[in-house]
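Enquirer: Here it is, the structure in full.
Rule-based calculations on the coordinates, nothing more; no lab input. As the structure is a prediction and not an experimental result, all values here were calculated from the model. All Cβ positions, glycine included, derive from the backbone under ideal geometry; neighbour counts span all protein chains shown.
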Amino acid sequence: MTDSERYCKGHATKTADALVGTYVKHRDGWRCQLVSFDGKPCSDRQVYWCHLIPKGRYGSVRWIPDNAVAGCAGHHKAFDEAWIEKARWCERWLGDVEWQALQDLAVSSHRPDPADVILEFRPVVAALEEPDDELPIIGRKA
């Protein structure tokens, strides 16, 4: 953010979501990673930013890239509705140590200021748009 930028809480959250969501989808090659969740074909070609631990209830991990994957609408819905299978998939996806650490972070820390997230991810996402730049490393999956 620049000194002249000012966001209300909602707009700052939406901007931070867009930046981190773009990062996650780019990191995952703009392909549904949840196809391995149930082995069914994807419902559409568009991918969304899908959280492993719910972003609303656990705001502390909302903008942690390891807490999200790219997923199609059908897999996202199935993923969120099958909480036991989801937890098992997350442990396989991240590994048991990383999955436990993410859960611990979710319940033991506070939601970061969206302005800080914007400051961190804006240059990262801008770099993604330049064809010769490699993906900057943020989190385990980068």
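Enquirer: Considering the alpha-carbon set of the chain alone, what are its Rg and its Dmax in angstrom?
Expert: 15.3, 48
Enquirer: Give me VAL125, VAL24, VAL117 ranked fewest to most by other Cβ atoms within 10 Å of their Cβ, as a rough exposure proxy.
Expert: VAL125, VAL117, VAL24
Enquirer: What nm value, rounded to one decimal, do you get for the distance between LYS77 and ALA127 when each label is placed 7 Å out toward the C-beta?
Expert: 3.8 nm
Enquirer: Neighbouring Cβ atoms within 10 Å as the yardstick, rank GLU81, GLU91 fewest first.
Expert: The fewest-first ordering by Cβ neighbours comes to GLU81, GLU91.
Enquirer: State which stretch of the chain is the longest one without any exposed chymotrypsin sites (Phe, Trp or Tyr not before Pro), exposure meaning a DSSP loop state and at most 15 other Cβ atoms within 10 Å.
Expert: Segment 31-142 is the longest.
Enquirer: Another question, then. Are there trypsin sites (Lys or Arg not before Pro) in segment 17-53 that DSSP marks as loop and that have at most 16 other Cβ atoms within 10 Å, and which are they?
Expert: Details: sites: LYS25, ARG27, ARG31, ARG45; in loops: ARG31, ARG45.
The qualifying sites are ARG31, ARG45.
Enquirer: Tell me which of TRP99, VAL20, GLN46 sits at the most positive position along the dipole axis of segment 1-103, charges placed on C-beta atoms (Lys, Arg +1; Asp, Glu -1).
Expert: GLN46
Enquirer: So, one more: Mind checking which of LEU34, TYR58, ILE84 is farthest towards the positive end of the chain's charge dipole, using Cβ charges of +1 (Lys, Arg) and -1 (Asp, Glu) about the Cα centre?
Expert: ILE84
Enquirer: Within segment 39-82, what residues put their amide N at less than 20 Å from the label point 7 Å along the Cα-to-Cβ vector of SER108?
Expert: 52-55, 57-68
Enquirer: Only Lys, Arg, Asp and Glu count, each charged at its Cβ (+1, +1, -1, -1), so figure out the dipole size of segment 1-124 about its Cα centre, rounded to 20 debye. Don't skip to the answer; put the middle values down first.
Expert: On the way: 17 positive and 17 negative charges, 77 e Å.
About 360 debye.
Enquirer: Which lysines does LYS14 reach when only Cα atoms under 18 Å apart count, and residues fewer than 8 places away in its own chain are ignored?
Expert: LYS25, LYS55
Enquirer: Right, another one. What ranking of CYS8, CYS42 emerges when the number of other C-beta atoms within 10 Å of each C-beta is taken as an exposure proxy, fewest first?
Expert: Listed from fewest to most nearby Cβ atoms, that is CYS8, CYS42.
Enquirer: With a 4.7 Å Cβ cut-off, tell me which Cys residues in the chain come up empty for a partner.
Expert: For the chain, the answer is CYS8, CYS50, CYS90, because their Cβ atoms have no other cysteine Cβ under 4.7 Å.
Enquirer: How far is helix 9-27 tilted, in degrees, relative to the longest principal axis of the Cα atoms in the chain, given as a value from 0 to 90 rounded to the nearest 10?
Expert: Once rounded, one gets 60 degrees.
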